[in-house]
């Protein structure tokens, strides 16, 4: 039986890299904070060294190995930062607030929507058309003014008037006035 033949890269590895294995492991342990993972990092660096084509051109093998350990440790830290999705334990699920509206909010929103629709319907025709086409149909003022055969300035005045009337109609204090008899309303207004 013939003795195993030692390749030049094996001799280089034995002479230049392997004698400093303890310092490589210590350095890797400081970077990854685990003995097992430090050993894995150093072994992976050794495997990469044997795949290098230009290993003879490395002027400082210990420094090169240290840099490889450093880069590999950084790569592992980056991969470890990926957050895995884990199901929440049952008690935590019950502490999460429900964002869906309750029945009171639903009814209040429906009532508000009816009030807005009634207020828009009660606007003068010209103001209503300006408001609906601009705010709801999202047409440009120039398009609407051209279509209606008016100037942009006139359109903007109608829109401003519509917004003013709508705001006035939806203000809560005006609701109180509407619910009072006509003669009491006049006392409050004057």
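Filtered by the rule that a residue be within 20 Å of residue 61 (Cα to Cα) and either in contact with a helix residue (DSSP H, G or I) (Cβ under 7 Å, 6 or more places away or on another chain) or not in a helix (DSSP H, G or I) (or both), the stretch 22-38 gives 24, 25, 27, 28, 29, 31, 38.
Residue-by-condition table, conditions (1) assigned to a helix (DSSP H, G or I); (2) on the phi < 0 side of the Ramachandran plot; (3) surrounded by 11 or more Cβ atoms within 10 Å (Cβ to Cβ); (4) out of contact with any helix residue (DSSP H, G or I) (no Cβ under 7 Å at 6 or more places or on another chain):
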position	(1), (2), (3), (4)
104	yes, yes, no, yes
107	yes, yes, yes, yes
113	yes, yes, no, yes
118	yes, yes, yes, yes
134	yes, yes, yes, no
138	no, no, no, yes
155	yes, yes, yes, no
162	yes, yes, yes, no
169	yes, yes, yes, no
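Looking across the stretch 39-61 at every residue that is farther than 30 Å from residue 81 by Cα and in a helix (DSSP H, G or I), the one that is farthest from the chain's Cα centre (by Cα) is identified as 56.
Taken together, the values in this text are just the output of simple stated rules run on the coordinates, not laboratory data. From a predicted model like this one, the values you see are computed outputs, not experimental measurements. Positions of Cβ are generated from backbone atoms using ideal geometry, with glycine treated the same way; all protein chains shown enter the neighbour counts.
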